[in-house]
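One structure is given below, encoded as structure tokens.
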Amino acid sequence: MERQGKLLERLQEAKWGVVEIVVLATVLAFSIGVFSSLAMEWLSNRSVAAVSAACTLLCLVYIALRHTRDRRLHANIKSTFIIDDDHMMVSISEYAASEAVARYFDGAFAENPALRRQWESEPLESMRQMVDGQMRIRSVASTKLIREVYEYAILEDLTTHLSDYFNGYAGRDGDLRTYERNDLPDVLLANRFLELFSRDMADRDAFPSDDGPSGGGRIVMQTVPGGYFHHFELTLPTGSTLRRESNSALVISGPAFQMKISVQFRGMRSEIPFDHIARYVGADPLAVHPYEVQINIQVLVRRSFIFSGRRWNNHLWVDSLVDSLVERFSLERHLTRINWPVVAATLHCLDVRDRRTNSPSS
């Protein structure tokens with residue numbers, strides 16, 4: 001996983017660095033101008049003014065470009081899921097992405113049996129195909145479901161993170177806009193998990209009809225046997241949009257930056273440790289199949305925003321969002337969080353001690 005620093009905070013510092021340089025340069029230029037006043041008497045004032053303005057502009061452009069050249073953030077998150085020989089998703093405790101994906105699969109399959117049939121009729125094992133003596137990877141129904149469920153998990157984290165960030169927002173009216181399900185384009189609702197889980201509970205048999213929550217409030221999330229509901233509500237700075245590119249990447253575009261999030265699944269085996277599956281997950285490593293999913297995040301900050309000085313706090317959620325996605329989806333972070341290297345070493349030492357204790361020669 002690659003992640004370098006806090007992008008917007010770093011650019012904010014760069015902005016004030018440019019301002020500082022400009023102030024110092026102005027003072028220096030004034031001082032030099034005083035000493036060069038005699039020379040100016042021998043030249044045309046217009047020519048000197050034009051050359052001076054051009055040199056000043058070139059210097060300012062150079063300083064601005066140099067100090068804001070690092071406007072990109074790139075994070076490559078390697079996530080992991082496990083399925084058993086019965087094509088059931090195996091949840092990994094204390095690994096947020098694994099627990100969420102397993103929960104979404106259970107809810108979707110219980111409410112929409114057609115999705116389960118697609119998952120079982122074209123399992124992940126069928127994506128490998130021999131063509132002219134070479135192994136080829138083809139797209140099957142189950143691979144599409146994997147990409148969609150991970151995309152939905154990212155969208156849920158995105159909406160929750162932004163809701164928490166802007167909770168109690170004290171900025172100006174009109175700075176923010178909230179998008180709901182009806183505001184989404186069809187290309188986003190093509191994600192079957194998003195379409196199903198955000199659909200009104202009154203239109204779904206899994207949820208009993210009632211008069212709504214007590215006190216006249218609104219239900220944001222509800223889980224029942226055989227169904228899962230989450231009200232889709234995405235708060236973004238005004239002028240921002242959420243769309244999908246032709247390559248299936250999600251794109252958040254606004255006045256400050258453009259963020260692209262893509263989910264890639266090529267059927268690669270995960271690098272999850274063998275002992276982790278056996279000792280922590282509690283599954284037979286030979287009876288389960290761990291797969292790797294890659295989540296790519298790219299952010300490009302606009303130079304016009306860097307020097308505009310307008311409401312930076314409306315956009316500083318970008319860095320914390322990327323950190324949150326890394327924390328929840330990265331297998332590496334999960335192993336670090338549970339201190340797996342130390343745990344694995346301890347378990348190994350205990351196994352060695354038990355073998356020595358139980359050996360016939362002892």
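The values are calculated or read from the model by the stated rules, or taken from the named source; none is laboratory data. This is a predicted model, so every value here is computed, not measured. Cβ: placed from backbone, ideal geometry, glycine included. Neighbour counts: every protein chain shown. Protein only, heavy atoms only, side chains kept; ligands, DNA and RNA dropped before computing areas. Shrake-Rupley method; radii C 1.70, N 1.55, O 1.52, S 1.80 Å.
Observations on the model:
- In segment 139-180, the residues that are hydrophobic (A, V, I, L, M, F, W, C), closer than 18 Å to residue 237 by Cα and open to solvent by less than 50 Å² (accessible area, probe 1.4 Å): 155, 158, 162, 166, 176
- Residue identified as closer than 30 Å to residue 138 by Cα, of a type in the set (A, V, I, L, M) and surrounded by fewer than 18 Cβ atoms within 10 Å (Cβ to Cβ) among 220, 251: 251
- Residue within segment 253-260 that is closer than 19 Å to residue 104 by Cβ, basic (Lys, Arg) and touching a strand residue (DSSP E or B) at 6+ places or on another chain (Cβ under 9 Å) present: no
- Subset tally (residues that are open to solvent by 10 Å² or more (accessible area, probe 1.4 Å) and either within 21 Å of the chain's Cα centre (by Cα) or free of Cβ contacts under 8 Å to residues at least 40 places away in the same chain (or both)) for segment 74-86: 4
- Of all residues in segment 313-362 being open to solvent by 50 Å² or more (accessible area, probe 1.4 Å) and β-branched (Val, Ile, Thr), the one that is modelled with the lowest pLDDT: 357
- In segment 269-312, residue most open to solvent (accessible area, probe 1.4 Å) [restricted to those that are modelled with pLDDT under 90 and aliphatic (A, V, I, L, M)]: 300
- Near pairs, Cβ below 7 angstrom, 6+ apart or cross-chain, from segment 256-277 (within 15 Å of residue 76 (Cα to Cα)) to any residue that is among the basic types (Lys, Arg) and not in a loop (DSSP other than H, G, I, E, B): 263/147; 265/147
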